[in-house]
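The values are calculated or read from the model by the stated rules, or taken from the named source; none is laboratory data. The model shown is predicted, which means the values in this text are computed figures rather than measured ones. Using ideal geometry, Cβ is built from the backbone for each residue, glycine included, and neighbour counts are taken over all protein chains shown. Remember, those area values only see protein heavy atoms, side chains included, never the ligands or the DNA or RNA. Shrake-Rupley method; radii C 1.70, N 1.55, O 1.52, S 1.80 Å.
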Amino acid sequence: MTSLAVANPGSLIQSVDWVAIAPPLIAAVAALAVLVTDLFLPERHKRWLGRLAAAGLALSLLALLPLTGGSPRATFCLRNVAGATDTTGCSYVADHFALVFQLLALGGALIAALLSMHTVEDQKLPRGEYWFLLLSSATGAALLPASRDLATMVIALEVASLPAFALVALRRDGRGAEAAFKFFVSSVTATAVMLLGIGFVYAASGSLHLGAVAQGLEHAPAQLKALAEAGAVLTLVGFAFKVAAVPFHFWVPDTYTGAPLPVAGYLSVVGKAAGLSGLALATTVAFRPYAHTWGLVLAVLAAVTMTVGNVGALRQRFDTRYSAVRLLAWSSVGQAGYLLVPLAAAGYAPTGADPLGATAAYALIYGVVNLGAFGVVAAVGRRAGTSVDDFRGLFARNRWTALALAFFLLCLAGLPPGVIGLFGKVVVFRAAVDAGLGWLAVVMAVNVVVALYYYLLWTARLFAPADASAVAAEDGAERRLPVGLTATLGLTASAAVVLSVAPQLVLQVAGGSLF
């Protein structure tokens, strides 16, 4: 009889916690269902594919509920001969951190899907391909926050990114192909650099699991220290690209203006959330031994990113075509700088809990109001255009749409009545001060004041006197918005108002440990 090399052969059998992996798994199954259904569904019934995609994303969000109570659930773990598991050797962990960012990724994808309903019909985009790509990208974005080894993180990042290239290219007016090409080349370059860095980290630490990487780097031989530090820096490049941090931000304005509007909104929130979660995991877990090094690097990166983003927004002319989209693009770069501040603070904190909570809270706030702003731009663009001057007198033509956009812009600016935006900035500001990064807090305060200019200037356009011909044209046109657009504006505006009235619903994330 053959003798096995382990005392407990049954411990070699890997069991899968299906409840833990349900959120990204449901999104992946929905993507396959859309792809297969598209083959057999008659053309006149293919609008149901969008509803199927939205239903899949809604089910993915509901799958988060069983994971909210109790201790973190882990699966795909390494086992020792006694059959015991250790979460530091697990590839997938559904903890508080993962759930918060999965909520942001799947919720943002659901809102983008609702926003896409009319765009797919109006622009005659291929329905099956569009919804399959959106669901596939959302699957990768939901997988990344729960990944706990560098290999799984890279796979999740690419699953989130590759369908996004195709989504951008689906626009048929000639701008989509150029935007997708710039997006693709930039992303591939960043990924190649990141893979080189992961190779260096593996050589120095001997592992790909984040917890084991931290232990390996802490006890690495002195002759490998330079290799490990170079690997850590190069690994962060890929995630910094997804966050759109300077100098990896050049693709953002052209890609946003060349992509269909819902895809631009999706990239600004879900793509950023995926990159942010990967950056947080890599720094605070895997590269914790080098905390002061990457803390300083991220602090400088945050200061430069918010400054470049706001200066780019200030330089936008309001009368040019697509200026509203470009303004939101540069605004998203500036907002990325604010999101990086708590991550930089985590490098100086004894534990990364509170600073990471501030990042998660601000990301949730930003996701709601930014997708709402893209929804209003899509609604106005159906009848007028997407330059900022096309919004002049919007209150006289459609007061509820104008009030919604004004509220979203005030939230982004951090001004009342957008109270939730103000509280979010205060939380981020406090994270910098508590970490001893006073200079970064000053840079952030200056940038917040600078950003007020273009946010308030756009808001003032909404309430300026309207051109009589524009009002007459609006009166003659059908005022009723498509169901998807109405649902998008209703959900985002309601969420922003509720959070402004009860900010503790999201700010409590900043007060607890995410790990």
Check: Under the condition of being in contact with a Leu (Cβ under 7 Å, 6 or more places away or on another chain) and among the aliphatic types (A, V, I, L, M), which residue from segment 95-111 is farthest from GLY258 (Cα to Cα)?
Finding: LEU99
Margin query: Tell me the residue from ALA324, ALA349, ALA363, ALA329 that is of a type outside the set (S, T, N, Q) and at pLDDT below 85, please.
Written below: ALA349
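Hey, does segment 277-299 have a residue that's assigned to a helix (DSSP H, G or I), of a type in the set (S, T, N, Q), crowded, with 20+ Cβ neighbours inside 10 Å and under 18 Å from the mean Cα position of the chain (by Cα)? Break it down stepwise before answering.
Taking segment 277-299 as the starting set, the residues that turn out to be assigned to a helix (DSSP H, G or I) are 277-286, 288-299.
Narrowing further to those that are of a type in the set (S, T, N, Q): 277, 283-284, 293.
Now narrow it down to the ones that are crowded, with 20+ Cβ neighbours inside 10 Å: 277, 283-284.
Cutting the leftovers down to under 18 Å from the mean Cα position of the chain (by Cα) gives us 277, 283.
For segment 277-299, residues assigned to a helix (DSSP H, G or I), of a type in the set (S, T, N, Q), crowded, with 20+ Cβ neighbours inside 10 Å and under 18 Å from the mean Cα position of the chain (by Cα): present.
Can you tell me which residue within segment 136-159, out of those that are of a type in the set (Gly, Ala, Ser) and open to solvent by 10 Å² or more (accessible area, probe 1.4 Å), is nearest to LEU110 (Cα to Cα)? Explain how you work it out, then say what you get.
Taking segment 136-159 first, the residues of a type in the set (Gly, Ala, Ser) are 136-138, 140-142, 146-147, 151, 156.
Applying the additional criterion that residues be open to solvent by 10 Å² or more (accessible area, probe 1.4 Å) yields 136, 151.
On the way: SER136: 13, ALA151: 27 Å.
Per the criteria, the residue is SER136.
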Notebook entry, point to check: If you take the residues in segment 12-60 that are surrounded by fewer than 20 Cβ atoms within 10 Å (Cβ to Cβ) and touching a strand residue (DSSP E or B) at 6+ places or on another chain (Cβ under 8 Å), which one is farthest from GLU121 (Cα to Cα)?
Noted result: LEU12
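Just the residues that are outside any helix (DSSP H, G or I) and either of a type in the set (Lys, Arg) or in contact (Cβ under 8 Å) with a residue 24 or more places away in the chain (or both), please, taken from segment 208-236. Spell out how you get there, then give the answer.
First, the residues of segment 208-236 that are outside any helix (DSSP H, G or I): 208-209, 219-221.
Of everything in segment 208-236, those that are outside any helix (DSSP H, G or I) and either of a type in the set (Lys, Arg) or in contact (Cβ under 8 Å) with a residue 24 or more places away in the chain (or both) turn out to be LEU208, HIS209.
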Item checked: Long-range neighbours under 6 Å by Cβ, at least six apart or interchain, first residue in a loop (DSSP other than H, G, I, E, B) within segment 304-323, second acidic (Asp, Glu) -> PHE318/ASP389; ASP319/ASP389
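Conditions (1) of a type in the set (Ser, Thr, Tyr); (2) buried (at least 24 other Cβ atoms within 10 Å of the Cβ), marked per residue:
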position	(1), (2)
ALA177	no, no
GLY199	no, no
GLY216	no, no
HIS219	no, no
LYS225	no, no
ALA232	no, yes
VAL237	no, no
PRO247	no, no
THR255	yes, yes
Next item on the list: Name, by its number, the condition in (1) surrounded by fewer than 24 Cβ atoms within 10 Å (Cβ to Cβ); (2) within 26 Å of ALA445 (Cβ to Cβ); (3) among the small types (Gly, Ala, Ser) that does not hold for SER387.
Entry: (2)
Check: Residues VAL428, VAL509: which one is open to solvent by less than 40 Å² (accessible area, probe 1.4 Å), modelled with pLDDT under 80 and out of contact with any Lys or Arg (no Cβ under 6 Å at 6 or more places or on another chain)?
Finding: VAL509
Checklist line | Residues satisfying the stated conditions in segment 327-380, i.e. surrounded by fewer than 24 Cβ atoms within 10 Å (Cβ to Cβ) and not in a helix (DSSP H, G or I) | finding: TYR348, ALA349, PRO350, THR351
Notebook entry, point to check: For segment 158-205, what are the residues that are in contact (Cβ under 8 Å) with a residue 24 or more places away in the chain and not in a helix (DSSP H, G or I)?
Noted result: LEU170, ARG171, ARG172
Next item on the list: List the number of the failed condition for ASP95; all other conditions in (1) at pLDDT 85 or above; (2) touching a strand residue (DSSP E or B) at 6+ places or on another chain (Cβ under 9 Å); (3) surrounded by fewer than 16 Cβ atoms within 10 Å (Cβ to Cβ) hold.
Entry: (3)
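Looking only at residues in segment 477-493 that are open to solvent by 70 Å² or more (accessible area, probe 1.4 Å) and of a type outside the set (Lys, Arg), which one is modelled with the highest pLDDT? Even if it seems obvious, please write down each step before you answer.
First, pick out the residues of segment 477-493 that are open to solvent by 70 Å² or more (accessible area, probe 1.4 Å): 478-480, 483, 486, 491.
Next cut, of a type outside the set (Lys, Arg) only: 478, 483, 486, 491.
Values: GLU478: 49, VAL483: 83, THR486: 88, LEU491: 91.
For segment 477-493, the residue satisfying everything is LEU491.
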Notebook entry, point to check: In the list LYS182, LYS242, which residue meets the criterion of being basic (Lys, Arg), open to solvent by 20 Å² or more (accessible area, probe 1.4 Å), in contact with a helix residue (DSSP H, G or I) (Cβ under 8 Å, 6 or more places away or on another chain) and closer than 26 Å to VAL300 by Cβ?
Noted result: LYS182
Checklist line | Flag if TYR453 is buried (at least 18 other Cβ atoms within 10 Å of the Cβ), in contact (Cβ under 8 Å) with a residue 40 or more places away in the chain, of a type in the set (Ser, Thr, Tyr) and assigned to a helix (DSSP H, G or I) | finding: no
Note to self: I'm told LYS124 meets every condition in (1) more than 30 Å from CYS90 (Cβ to Cβ); (2) under 20 Å from the mean Cα position of the chain (by Cα); (3) surrounded by fewer than 24 Cβ atoms within 10 Å (Cβ to Cβ) except one. Can you identify the failing condition by its number?
What the structure shows: (2)
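Report yes if some residue within segment 298-307 is of a type outside the set (Ser, Thr, Tyr) and farther than 19 Å from ALA431 by Cα; otherwise report no.
From segment 298-307, those of a type outside the set (Ser, Thr, Tyr) are 298-304, 306; that's our starting set.
Still in the list and also farther than 19 Å from ALA431 by Cα: none.
No, that holds for no residue.
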